[in-house]
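The values are calculated or read from the model by the stated rules, or taken from the named source; none is laboratory data. Everything numeric here is computed off the predicted structure, so don't read it as measured data. Glycine also receives a Cβ, built like all others from the backbone with ideal geometry; neighbour counts cover every protein chain displayed. Just the protein is used for accessible areas: all its heavy atoms, side chains included, with ligands, DNA and RNA removed. Shrake-Rupley method; radii C 1.70, N 1.55, O 1.52, S 1.80 Å.
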There are 4 protein chains.
Amino acid sequence: MNRSLFSARQLVIASTLFSSSLLAAELNHNITAADVKAAQDAWGKALIQISSDHRSGGIEKATATARQVLDQAYGYNLGPVLFKPTLASGDTTFRTTYAGALAYFVGGNPQFPDKGFALKGWTKYEYKNAGVQINGDLALTMGHVMLTDQDGKVTKVDKTWGFRKGDDGKVRIVLHHSSLPYSAN
Amino acid sequence: MNRSLFSARQLVIASTLFSSSLLAAELNHNITAADVKAAQDAWGKALIQISSDHRSGGIEKATATARQVLDQAYGYNLGPVLFKPTLASGDTTFRTTYAGALAYFVGGNPQFPDKGFALKGWTKYEYKNAGVQINGDLALTMGHVMLTDQDGKVTKVDKTWGFRKGDDGKVRIVLHHSSLPYSAN
Amino acid sequence: MNRSLFSARQLVIASTLFSSSLLAAELNHNITAADVKAAQDAWGKALIQISSDHRSGGIEKATATARQVLDQAYGYNLGPVLFKPTLASGDTTFRTTYAGALAYFVGGNPQFPDKGFALKGWTKYEYKNAGVQINGDLALTMGHVMLTDQDGKVTKVDKTWGFRKGDDGKVRIVLHHSSLPYSAN
Amino acid sequence: MNRSLFSARQLVIASTLFSSSLLAAELNHNITAADVKAAQDAWGKALIQISSDHRSGGIEKATATARQVLDQAYGYNLGPVLFKPTLASGDTTFRTTYAGALAYFVGGNPQFPDKGFALKGWTKYEYKNAGVQINGDLALTMGHVMLTDQDGKVTKVDKTWGFRKGDDGKVRIVLHHSSLPYSAN
């Protein structure tokens, strides 16, 4: 048995909340608004890190970092992720597999047409949620994300994320739909 | 459409948490530790109220209050409640129906052998949680409940509750297992 | 108390599954794959119905039907819906309110620039899921939706839906991100 | 990353259900009625196995089996379990820790007064659910359990269980309240 997970859980001596119930052990599986903010902050930081590692260490370093990001921040460990990246289209629109997601971020996979979204030299990340829903261990967000490249050009995308808190206490992206703003022209 | 529910929901302008996302509307279906404490406090208060109403207004007043408690604090509105009352036994051990629960609290139903647990003149209520689990809209608690009657006699029971937060934002008991402490004699 | 909900719930005499437990009453809050399919089928049917009602009864009939669809198939009754319609952009990209959604489908609201997406004479609807996730009362889908107008022209969109089964047993859309396929040109 | 979990998940090619969506990958975290039945069957089988191992291999073999049962069938891996065993009382009524549960089943721990409930030579197990609730990855059951010892004596208990399906796809007991039937005498 992996009892080491125990310490990673939200085991709280809820002495302040339960005045009549000192020392009650609490186990809480729910995702919180603070978890959502942390995950949204982390996503942008990770994207910029891959870009930075690409500059400093080339494609190998960028790919290693991208793998770390996918391992830790995306839910491919439990099954298919619902991922529609901004610039994906055609037969490779949906990246439900780890391989498809990695290809999107750093390219280099002949099965996917990507040049590597994370290699575009991103330097700044901002987001603005239009709405957030929290439902058990799952949180859904929708809003705008603004990415700035090394030339100062800002790309704004419409972004939907689903974040799920796993039994290991880690929050991972299980849904990610990103699209360029609609233009009538 | 019942849009009046809207105001009852936890619609929060999450301006403090989402520094990058001013004005995000948040909808949170999860039950919280504070919800659990409020529900546990309310249960004892309701039991004492039925006893008090019995003294002041007889069985009719007590029954009316018990109905209110069951309507508001138990989940019979959505289906069967898993209810094993302290003193129930035999063929009527489990009170999965509203009628069975009402009979347990105030008696008067020939289909059940109850004299009315809530008519015993309870004056004081305390609880001590041994543990709490929170899982989405459902919270589980286990611990001791101490009830004092009008003669000062204290009855201690082993108590398990399941509380569920409904779409109306109200927290209701969906599971309730109460038993007298085991005695080797 | 609204006990009429009782009959609408999935109360099942689980006599076949529980061989040792005849007559166990079962209450199941979970959404199923069959619920998802029914909701996805219903969405397209509703869109075509609004178009059809527009042809036969003008904007008034179309608007009345659109209101019914929003009341029954979208989750605005409980709070903000995360809705990014295909052709919405700028300051009105996200339609988290009922008014914003209605405007998108049938227009006629000076606060929104929409001409009415459901008035485009849609005649056929198909979808192809790339993936489905089921998590408690919430289901997430991602895939392609193909809509055919009265001239036979097909519009293909990238579509993400979140469906939530409420306490009333009804499945409603709580998340809807729709976008035109990315084009490199 | 533990990608080996992938194959253990309920990854289903939902080709039959989604006629319009061939090849959609489905990930379903929900617990089912069939999961509940399997877990209830397994609990009794495990108890009888410990008794059998005690007869054939003494306390060491029984303890080894009890550890396996607790590791696989109880949720101590993620945090405190809400466990009130049938014959526990006083300061050790609630066994929220692994050590407390192990002591209850096989004794031998000076911190707990138990002689070992699973060492009583159980030979037969039956259960009869009064009700079942399913809520996401959590299922709650309440009903009677009948245990027969080697002398043919039947012990009937009032039993409440909470079963949770983890990210590893395994169903574990996270709540267990067992009590002897109330007797007016």
Can you find a residue that is within 12 Å of another protein chain (Cβ to nearest Cβ), within 15 Å of residue A:47 (Cβ to Cβ) and assigned to a helix (DSSP H, G or I) anywhere in segment A:106-121?
yes
Mind listing whichever residues of segment A:64-83 are in a helix (DSSP H, G or I) and out of contact with any Leu (no Cβ under 9 Å at 6 or more places or on another chain)?
A:64, A:65, A:68, A:71, A:72, A:73
Out of the residues in segment D:152-163 meeting the condition of being in contact (Cβ under 8 Å) with a residue 60 or more places away in the chain and buried (at least 23 other Cβ atoms within 10 Å of the Cβ), tell me which one is nearest to the other protein chains (Cβ to nearest Cβ).
D:162
Kindly indicate the residue of segment B:75-100 that is closer than 30 Å to residue C:168 by Cα and of a type in the set (A, V, I, L, M) and also surrounded by the fewest Cβ atoms within 10 Å (Cβ to Cβ) among those meeting that condition.
B:99
Residues that are assigned to a strand (DSSP E or B) and either of a type in the set (D, E, K, R) or over 11 Å from the mean Cα position of the chain (by Cα) (or both), drawn from segment A:161-176:
A:164, A:165, A:172
Among the residues of segment A:40-58, is there at least one that is within 29 Å of residue A:132 (Cβ to Cβ) and at pLDDT below 95?
no
Filtering segment D:166-185 for residues that are of a type in the set (Lys, Arg) and crowded, with 23+ Cβ neighbours inside 10 Å leaves a count of 0
Could you tell me whether residue D:100 is part of a loop (DSSP other than H, G, I, E, B) and under 17 Å from the mean Cα position of the chain (by Cα)?
no
Would you confirm whether any residue within segment C:55-74 is free of Cβ contacts under 8 Å to residues at least 24 places away in the same chain and open to solvent by less than 10 Å² (accessible area, probe 1.4 Å)?
no
For segment A:1-13, does any single residue satisfy the condition of being more than 21 Å from residue A:171 (Cα to Cα), in contact with a helix residue (DSSP H, G or I) (Cβ under 6 Å, 6 or more places away or on another chain) and modelled with pLDDT under 95?
yes
State whether the residues of segment B:78-99 include one that is within 14 Å of chain A (Cβ to nearest Cβ), touching a residue at least 12 places away in the same chain (Cβ under 8 Å) and under 21 Å from residue B:50 (Cα atoms).
no
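Yes/no matrix, rows are residues, columns are (1) in contact with a strand residue (DSSP E or B) (Cβ under 8 Å, 6 or more places away or on another chain); (2) aliphatic (A, V, I, L, M):
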residue	(1), (2)
A:69	no, yes
A:75	yes, no
A:80	yes, no
A:89	no, no
A:119	no, yes
Residue A:147 more than 30 Å from residue A:27 (Cα to Cα) and modelled with pLDDT of 95 or more:
yes
For segment C:44-54, how many residues are among the small types (Gly, Ala, Ser) and open to solvent by 30 Å² or more (accessible area, probe 1.4 Å)?
1
Do you know which residues across segment C:101-151 are among the small types (Gly, Ala, Ser), at negative phi and open to solvent by 30 Å² or more (accessible area, probe 1.4 Å)?
none
